[in-house]
Amino acid sequence: MHLLDRIAHWSRTSPEHIAHISNERTLTYGELAARSDALALWLDRELGERRVPVAIHGHKEPEMLVTFLAAVKTGRPYAPIDYTTPPARVQRVMEISGAGVLLTPEKVAELSANGATYESDRRVEEDDPFYVLFTSGSTGEPKGVVITLANLEHYLAWMQGAHDFAPQGEVFLNHAPFTFDLSVHDIYLALTTGNTIFSLTKELATNLRALFQALGKCGATQWMSTPSFAQMCCIEKSFNSTMLPALRRVFFCGETLAPETAAQMLERFPGVEILNTYGPTEATVAVTGVPVTRELLAQWNPLPIGRVMPGTRIIIRDEKGEPVPSGERGEIVIAGPNVSPGYLGRPDLTEKAFAPFEGTRCYRTGDWGRDRDGLIFCEGRMDGQIKLHGNRIELGDLEANLRALPEIADAVVLPVKKHDVVDSLAAFVVLAGAKEGSDFEQAAKLKTRLGERLPAYMVPRKFHFLPSFPMNNNGKADRKKLAELLG
Ligand code: AMP
């Protein structure tokens, strides 16, 4: 059955059941259907025959879900843009995506207030783009990862085949922003099984008192987040199964799961299933998974990312593109029906990252990895992509945006690690002219200027001003020497 029909089934049979809770606002299945239908009618009127992406600049408002469904009902993918994205970057996303409209939750509330009924005759099918998620691109431009309905269905089928999700019996805790595909897991596993999504907004997730209060009353049974978020929660002693008595399962994804974090979670949540899953946005949420048990912890450090999902292959390749023998290190390449058709409007980038392997569409992750008899290990990045508190950032993106500021002649950005985990970013800057004020004042000015171009989480915490960069033998800025300056 089509994904939209599976969701519509719940709207028909249980219109009063709650689909989404966000910031004390609720959206029932009935409202989701009527409002997304009303917006779908408006989209068709507004865009005519143009099957262009529908962009929405917001956060976790119920109107986001209304927009997502409205777009795909009309055969158009949606492109969420988080509200932390500054106008200049929103503009670039609009240009790159070719989106036909830029909506806001307020506008959607207005357009869909009266509800309606929409007969879909051009909804998104199989290989049509279902959503476009923008991630940091190494040249300073965001890149839009296109995910089709078939990609998404492959992920949902894996999850639903491997785990039980009780119809109308689950609450999915949603921590990831809607621009990060961990939220895709929450949204569509919940909506296709008639369940409730409980969103933690950014304000809530950064106000610890409010956060733990919310966790205490959310009734979550399913949890998907980065390990960083759980690690942060573990600072609070009462974060355990008394706070979340209904919790049954925790999926970790998006970055390395440290054995310490896993051990703490096992201790705090006895009887709760904990899984480490791995995957890039380009291969639809996750492609490997493994239950994290005490036995697994005793056996492996670092932890494996698990075994690959059915129907998909992981190939570990050397620089020449040849598969390496079992146990040896190489690049993780993913091949299968969950692999994206590519980056929107960027055939050049698509060709580089998605070259077919043995005739199958595949994605070169840029991750170092190893396959030990089918158990896969991820051993870090081959390039300048990092994860900061779960956010994917290309250091090259940041550097290009810094260099684009007229005050800056050259810039290098390095990750600052605490216990082997990236904790913040440091920018090394050669100014084009004289420094304005103290280091602190100059840094504050540059942070503001950069914040006009990039989301706040990408702005480096520290700035170091140098007259010039140390050079390596190739005449490039010597990153190793600069890292030594960090102490
Ligand atoms: P994103 O597209 O934001 O999901 O980021 C994908 C990248 O996050 C991967 O290419 C890996 O570098 C990293 N990643 C995702 N899951 C894991 C994991 N379980 N362990 C280690 N790294 C991970």
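Quick notes on this structure:
- Considering residues of the range 62-83 that are of a type in the set (Gly, Ala, Ser) and at negative phi only, the residue nearest to the chain's Cα centre (by Cα): 79
- Any hit, the range 162-171, residues being touching a Ser or Thr at 6+ places or on another chain (Cβ under 6 Å) and small (Gly, Ala, Ser): no
- Among the residues of the range 331-348, those identified as touching a residue at least 40 places away in the same chain (Cβ under 8 Å) and more than 14 Å from the ligand (Cβ to nearest atom) are 336, 337, 341, 342, 344, 345, 346.
- Residue in the range 364-375 that is farther than 27 Å from residue 284 by Cβ and of a type in the set (Ser, Thr, Tyr) present: no
- Members of the range 275-292 found to be aliphatic (A, V, I, L, M) and surrounded by fewer than 22 Cβ atoms within 10 Å (Cβ to Cβ), listed by number: 275, 290
- Taking residues in the range 1-28 that are on the phi < 0 side of the Ramachandran plot, and partners anywhere that are among the acidic types (Asp, Glu) and loosely packed, with under 13 Cβ neighbours inside 10 Å, the pairs with Cβ atoms closer than 6 Å and at least 6 places apart or on different chains are 28/16.
- For the condition away from the ligand (no atom under 16 Å from the Cβ) and β-branched (Val, Ile, Thr), residue 324 qualifies.
- For the range 357-366, a residue qualifies if it is buried (at least 21 other Cβ atoms within 10 Å of the Cβ) and within 9 Å of the ligand (Cβ to nearest atom), and exactly one does: 365.
- Search result, residues across the range 114-156 that are among the polar types (S, T, N, Q) and more than 23 Å from residue 349 (Cβ to Cβ): 114, 117, 120
- Residue in the range 376-390 that is out of contact with any Gly (no Cβ under 7 Å at 6 or more places or on another chain), within 23 Å of residue 454 (Cβ to Cβ) and free of Cβ contacts under 8 Å to residues at least 24 places away in the same chain present: no
- Of all residues in the range 402-422, one or more are surrounded by fewer than 21 Cβ atoms within 10 Å (Cβ to Cβ), in contact with a Pro (Cβ under 8 Å, 6 or more places away or on another chain) and either farther than 22 Å from residue 320 by Cβ or aliphatic (A, V, I, L, M) (or both).
- Qualifying position, being over 27 Å from residue 84 (Cα atoms) and among the aliphatic types (A, V, I, L, M), among 400, 426, 353: 353
- Restricting the range 28-57 to residues that are within 24 Å of the chain's Cα centre (by Cα) and surrounded by 21 or more Cβ atoms within 10 Å (Cβ to Cβ), the residue that is farthest from residue 199 (Cα to Cα) is 53.
- Residue within the range 293-300 that is within 12 Å of the ligand (Cβ to nearest atom) and crowded, with 16+ Cβ neighbours inside 10 Å present: no
FYI, it's all coordinate maths here, none of it is from the lab. Please read all numbers here as calculations on a predicted model, not as lab measurements. Backbone-built Cβ (ideal geometry, glycine too); neighbour counts: all protein chains shown.
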